[in-house]
Structure formats: C-alpha cells, structure tokens
Amino acid sequence: MSAPSAAQLAAIAVVSAVSGAVNSIAGGGTLLTFPALLGLGVAPVSANATSTVALWPGSLASMFGYRRELVGAERWALRLAIPSILGGLTGALLLMATSDEQFRAIVPWLVFGATLLFALQGKVMAWLRHHILEVPHGEPPIEPTRGMMAVQFLVSIYGGYFGAGAGIVMLAAFGLMGMTNIHRMNGLKNFNGICFNGIAAVTFAVKGLVNWPIALVMAIGSSAGGYAMSGLAQRVPQGWVRGAVSAIGLASAGWLYWSR
C-alpha cells in the first residue's frame with residue numbers, strides 16, 4: 001500500500017476513536033478496526049500486524065487498573081507468562097508464514113469466530129460467575145499445572161496470530177482451571193494478553209509488517225476514544241453496544257467472505 005492520504009488517516013482515526021470507546025464499554029473494538037484497515041487497502045497480514053501494534057499500548061494502560069488483582073498471584077502470572085510469550089511468538093511466526101492470499105481466505109472465518117466469541121461473552125461470564133466462588137483478593141490461587149500452561153500456550157498462539165476474542169477464551173480457560181476469583185482472572189487475562197500481544201507486536205515491527213503512520217493514528221484515536229468514554233462507560237447499556245458490534249462483526253465477516 002502507498003502512503004495513506006490525509007482522508008484515509010482521518011477515517012481510521014474516527015474508527016479507532018469509536019473502537020476505543022467501544023472497548024471501554026464492552027470490548028470488541030478490533031472487530032471494527034481490522035475490517036476498516038482492509039477497507040483502506042492495507043494488505044491483510046499487514047492490517048493484522050498494524051492493529052496488534054496500535055492497540056497494545058492501550059492494553060498496557062488498562063492492565064494497571066488490574067494490578068491490585070495480581071497481588072498474591074505473582075507465581076501464577078510468572079508461570080503463565082512463559083507459555084504466553086512462547087505462544088504469542090509462535091502465532092506471530094505463523095502469521096508471517098501465511099501469505100496475504102492465504103490470510104485473505106481464512107480471515108472471514110477468523111472474524112466470524114471472533115464475533116461469535118464476543119457475542120457469547122455475556123453468557124460465558126454469567127456461567128463463570130454462577131459456577132465460581134467470589135473470594136477475597138488475598139486468597140492464594142491454586143498452583144498452575146502443566147496442562148493449564150499447555151492450554152495457555154494454545155490460546156496465546158491464537159492471540160499472536162489474530163487475537164480478537166482471545167480474552168474471553170482465557171477467562172473461560174481460567175474458570176475451567178479451577179480459579180475462583182473473577183477479579184484475579186481478569187487481571188491475569190490482561191497480563192497474559194500483554195505478554196502474547198507484546199511479543200507479537202515486537203516481531204511484526206522487526207519484520208517490517210507495520211504501517212506506522214496508520215498505527216500511530218490508531219493508537220492516538222483509540223486512546224482518545226477510550227478516555228472520552230471512560231466516564232460514561234457505566235451508563236451506556238452494554239447489551240446495546242454488544243449487539244451493534246456483533247452485527248458489524250457478522251456483516252464484516254460476510255463482506256470479507258464475498259470480496260475474497
């Protein structure tokens with residue numbers, strides 16, 4: 001793709017701002033930014049890499065809101081960070097080994113699957129809250145097993161390769177692992193997401209897959225949108241936002257399928 005025009009940068013800035021606002025309310029902003037990048041003419045693999053790099057700073061900032069939840073779970077965090085980093089690197093390398101033609105063929109299914117995960121997130125969280133026990137923050141978590149680390153590795157491969165919807169998969173996996181504190185689960189989800197997205201972002205940057213002008217505009221736009229909406233996030237019905245994003249995600253998956 002040639003250098004983006006001012007109009008294209010303005011368009012992706014608006015989409016990114018909306019994405020940041022959506023993320024602050026219900027998540028799922030990637031389902032807006034990724035199809036928008038493809039619509040601007042960015043090659044599929046580069047679009048995915050650019051989106052990963054652009055959204056990582058926001059993920060890092062959000063983790064600080066959950067730092068208290070990781071107190072007492074440092075061993076969990078450190079042990080799961082290893083498979084997260086290795087899985088993220090594996091996913092990034094798999095993406096780089098995928099041609100634009102191949103990625104264009106499978107990306108409608110990735111977007112469709114991520115949209116379903118996003119749409120079902122409310123029900124999954126309701127199931128987790130029903131089946132887990134809310135406990136004080138200071139309760140020591142159970143010791144991670146090799147099986148748990150293997151699951152995290154597989155989730156992180158997907159996270160490094162595409163990533164949309166990886167958070168809800170991690171939360172479900174943590175619940176099945178036997179974790180009993182939903183707040184700590186959210187903290188670990190954010191920490192491990194930073195790990196696999198971080199290593200993937202570095203890999204994409206080193207390999208020259210990132211469209212930096214667009215990535216910088218996206219980072220600024222999503223941060224501005226998230227900050228502007230942060231004060232109103234609790235007042236906006238999540239169901240409305242989730243329904244709108246799910247509809248856009250399904251429409252995007254259909255458009256990506258028919259325009260391959």
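The values are calculated or read from the model by the stated rules, or taken from the named source; none is laboratory data. Treat the numbers as computed from the prediction; the structure is a model and nothing was measured. Glycine also receives a Cβ, built like all others from the backbone with ideal geometry; neighbour counts cover every protein chain displayed.
Here is a list: 46, 99, 62. Which entry is among the polar types (S, T, N, Q), under 18 Å from the mean Cα position of the chain (by Cα) and modelled with pLDDT of 90 or more?
Checking each option against the conditions leaves just 46.
Can you find a residue in the stretch 71-87 that is touching a helix residue (DSSP H, G or I) at 6+ places or on another chain (Cβ under 7 Å), at pLDDT below 90 and within 17 Å of residue 30 (Cα to Cα)?
no
Considering only the stretch 105-143, state which residues are modelled with pLDDT under 75, of a type outside the set (D, E, K, R), in a helix (DSSP H, G or I) and exposed (fewer than 15 other Cβ atoms within 10 Å of the Cβ).
122, 126, 127, 130, 131
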